[in-house]
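Scroll down for the structure; my scribbles are underneath it.
The values are calculated or read from the model by the stated rules, or taken from the named source; none is laboratory data. What you see is a predicted model; the values in this text were computed from it and never measured. Neighbour counts run over all protein chains shown; Cβ positions are idealised from the backbone, glycine included.
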Amino acid sequence: MAAIQDPAGFGLLRRAVGDALASAALATPEFLPAATPCSGWNLRDLLDHLSESLDVVREAITSGQPGPGPVPGAEAPPGPGPAAGLRHRAVRLLAACAAAAAEDELVTIAGHRLARSMIAEAGAVEVAVHGWDIRMACGDRRPVPAELAIDMLPLAPLLIPEGSRHGLFAEPVAVPRLACPGDHLVAFLGRRPVPRPAPAPGPPEPGKGLPEAEDTEYITRHDT
């Protein structure tokens, strides 16, 4: 576990939150009843769940005591709609990350001593996949950003080891080996990537052939 206890986890969480907020900007009122990749949840349910998850991660990072989520009525986020509530809680989480990153102390959760940055990494994975879920519900087929997914792929099997995903994530879904990094990430987390239009064919670049090893490094790291 020592290999993933790195303050860079806070940066990973910030990037995941930024991507999720960009997705939430698509969640206009007409999309709120739409189905999502999360079984049984419409988009409104998903936005509410993600808002609560951001609060849980913030509490774990700041106090080491992840709570069950906000008490209904205890706090009225500014602005109408679940997307506004999500943005409000994201601001609070990012402020907590900025404070915690200055000194990556250990906290105790369920009897285990964990670096706060490791909690941030676990939160980042959930936030990133739910950002993708939001886009799918809004009809946007873009995958998780490649650089973000590449950084998460080697962490995901460590944070979600075999036998621990019950009630959190569905079983992994098989995808083509040369699928993009974002598709590999959501497939590992139990989502089925949606097909996207193929790019228009064009003349090959001089000296450009099959992908080199560095182009598929993320797959190698994921497989191991």
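Selection of region 157-173 for residues being in contact with a helix residue (DSSP H, G or I) (Cβ under 7 Å, 6 or more places away or on another chain) and either without any contact (Cβ under 8 Å) to a residue 60 or more places away in the chain or part of a loop (DSSP other than H, G, I, E, B) (or both) yields Pro172, Val173.
So, Val129, is that one part of a loop (DSSP other than H, G, I, E, B), in contact (Cβ under 8 Å) with a residue 40 or more places away in the chain and surrounded by 22 or more Cβ atoms within 10 Å (Cβ to Cβ) or not? The answer is no for Val129. Among the conditions (1) modelled with pLDDT of 95 or more; (2) assigned to a helix (DSSP H, G or I), Thr216 misses just one, which is (1).
Residue-by-condition table, conditions (1) without any contact (Cβ under 8 Å) to a residue 24 or more places away in the chain; (2) not hydrophobic (A, V, I, L, M, F, W, C):
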{"site": "Leu12", "(1), (2)": "no, no"}
{"site": "Gly18", "(1), (2)": "yes, yes"}
{"site": "Ala24", "(1), (2)": "no, no"}
{"site": "His49", "(1), (2)": "no, yes"}
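The residue of region 104-126 that is surrounded by the most Cβ atoms within 10 Å (Cβ to Cβ), among those that are among the acidic types (Asp, Glu) and not in a helix (DSSP H, G or I), is Asp104.
Results for (1) touching an Asp or Glu at 6+ places or on another chain (Cβ under 9 Å); (2) at pLDDT 95 or above; (3) farther than 15 Å from Val127 by Cβ; (4) surrounded by fewer than 18 Cβ atoms within 10 Å (Cβ to Cβ), shown as yes or no for each residue.
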{"site": "Leu26", "(1), (2), (3), (4)": "yes, yes, yes, yes"}
{"site": "Asp45", "(1), (2), (3), (4)": "no, yes, yes, yes"}
{"site": "Gly67", "(1), (2), (3), (4)": "yes, no, yes, yes"}
{"site": "Ala76", "(1), (2), (3), (4)": "no, no, yes, yes"}
{"site": "Leu93", "(1), (2), (3), (4)": "yes, yes, no, no"}
{"site": "Ala102", "(1), (2), (3), (4)": "no, no, yes, yes"}
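Here are Val127, Val107: which of them is among the β-branched types (Val, Ile, Thr), within 25 Å of Asp55 (Cα to Cα) and within 14 Å of the chain's Cα centre (by Cα)? When all the criteria are applied, what remains is Val127. Applying the criterion of being modelled with pLDDT under 95 and under 22 Å from Ser117 (Cα atoms) to the residues of region 163-187, the residue that is surrounded by the most Cβ atoms within 10 Å (Cβ to Cβ) is Phe169.
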